[in-house]
Each structure stands twice: as structure tokens, then as C-alpha cells.
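What follows is one structure encoded as C-alpha cells, with my remarks underneath.
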Amino acid sequence: MSKHWFEPSPEDEIDYFPKSKPEPIPFDKERWTPLNFQPAETITFAVIVARKMLSKRTNEHCMVIANAVANMDFIVKAILGEKTISSPLEPNYIQAWQFSGRTLFQCLAVFDISQTGVKKLEWFEVFAVKVLMLCAHYSRLTISDSEGAALTQAKPTESLYQAVVDCLARAEVLEKHGRTQTSAKQLGSKGGKARTLKIQPLENIVMKLYLEECKQMPILKAANCIAAILAKTQPELLELTKNKEKAIAIQNIIRKYKDGKTKYVI
């Protein structure tokens, strides 16, 4: 191949960039709905508080948020170089969920939650749904043999309980101090922050594509591939950078990430 990069065709994109597959959420539309499942007694307090935070949301909203959380967890695991969340039937299942609230909290700025489709979504609501997800897993592990013998191979542990408490605490902190609606004017009033917010959507999608699809490539090749994808799918995002060489701008974003100079990486 004479070029140092290539522009994938639609067919190439399907084969060359396999889509990530986050684990299914622990809810369904019948018994295990986010706002109605019966929690284990030990973590009932967390479910009550989380549902109070979500008092303006429906089960449908919570299901959408839960799917977004599953995707964010998958990307966070990629950032940390860890395995994806395990199936509830696998031995390392509890361990995989153990620090997920903490790691997501560290990576808040990677994600644009306004893209979920849930209007005026706040981060504390995201973490409240995550609390319910952890509580649903905890509760499922307490099901008796008569209801599901396979699930009783694993039992709730103290570490999983602590994960619930930790995630709930983060939701409470975000509810008190991290509301987007009350801080938007302050953020937008300062020039440097305003410029950062302006280009952040491009940085977010660049890092998402890089971590999900191009992480194994050399940086220059990855940048050119991402530029080609965005030119076809979301060209308006490329206009957020003043650099005429879009691939170079993307390369700079990736390099800052790898050098640890960006705010949105741990």
C-alpha cells in the first residue's frame, strides 16, 4: 500500500472496526425494572435514596441511562486496560463491578451525557441509575435455589456492598455540587473554559473512536482513520478545530491523551 493511511469504505468499516459489545444491563421490562425491582434487604436503603434522586424519571428513562452507563463502563475499562464487565454467571463477576463507580467518576469529562436523549440529564442521575444497577446485581445474587440455582453459585460479598455505598456517596456529592443546570453560566463566563467546552465534543468522539476501534494502530494512522470516519459521519465536529489539517488536530488530541496532559483522562 503506497499511502501511510487509508480511507475505509463502508464495507471496510464494518470489518476493520468491529463494534464494542458492552454487557447487557441487569434490568428488563417486567420484574426487574429499575424503579420497581425488589432489592435485597441489606441494600434497600441505597435503592430508596437512588430512586428518590430519580423521582422525575420513568423506568424507560432509567433503562436508557442504564444502557449508557454500560457503554461508559466498557470505555472506562478500555482506558484502564482492564477486561469488560463479566457475566453474572462468571466467577470474576463481582470483582469486575467492584470499582466501577470510582473509575467512572474519574472519567466524567470523557463523556457527553447530553447525547443519551434523556432531556436535562444530570450526572447524579447517571450515578443513581448505576447504584440501582449494582443493587440489582447484589439482589440477584440473593435469589434462592428455587428461583435460580445457577445464580447462587456466587454470593454477595462485602466488597460488592461497599461498591454500592461508594457509588451512592458519589451520586449524593454530584447531586449537591455537580448540577450542570446551576453551573452552566459560571463555566461559560470564562474564556478559557468556554474554548475548552467548545472543542470538547470533538475530543470526546476522537477518544471514543480511538479507544474502541483504533487503539492498536500507530497514532498517525489512527488519526487519519478517525478523520476519515468523522468526515463521513459527523463532519460538523471537525469544524470545531481551527486547524485546517484535521488529521493533525486529531493526532494532537490523541498525543495529549497518551502523554497524560488532558483533563479527561486519569
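For a quick check of your reading of the model, give me the residue pairs whose first member lies in segment 66-77 and is under 16 Å from residue 205 (Cβ atoms), whose second is open to solvent by 20 Å² or more (accessible area, probe 1.4 Å) and of a type in the set (Val, Ile, Thr), with beta-carbon atoms closer than 6 Å and at least 6 apart or on different chains.
Filtered contacts from segment 66-77: 68/116; 74/84.
Search segment 221-246 for residues that are small (Gly, Ala, Ser) and pair each with any residue that is open to solvent by 60 Å² or more (accessible area, probe 1.4 Å) when their beta-carbon atoms are under 7 Å apart and the residues are at least 6 apart or on different chains.
228/7
Tally up the residues in segment 238-251 that are part of a helix (DSSP H, G or I) and crowded, with 16+ Cβ neighbours inside 10 Å, please.
Adding up the residues that qualify gives 6.
Go through the residues of segment 37-54 one by one and say whether even a single one is open to solvent by less than 20 Å² (accessible area, probe 1.4 Å), over 17 Å from residue 160 (Cβ atoms) and not in a loop (DSSP other than H, G, I, E, B).
yes
Do we have residue 200 as surrounded by fewer than 18 Cβ atoms within 10 Å (Cβ to Cβ) and modelled with pLDDT of 85 or more here?
no
The values are calculated or read from the model by the stated rules, or taken from the named source; none is laboratory data. Predicted, not measured: the structure shown is a model, and the values here were computed from it. Cβ atoms come from the backbone with ideal geometry, glycine included; neighbour counts cover every protein chain shown. All accessible areas refer to the heavy atoms of the entire protein, side chains included, with ligands and DNA or RNA removed. Shrake-Rupley method; radii C 1.70, N 1.55, O 1.52, S 1.80 Å.
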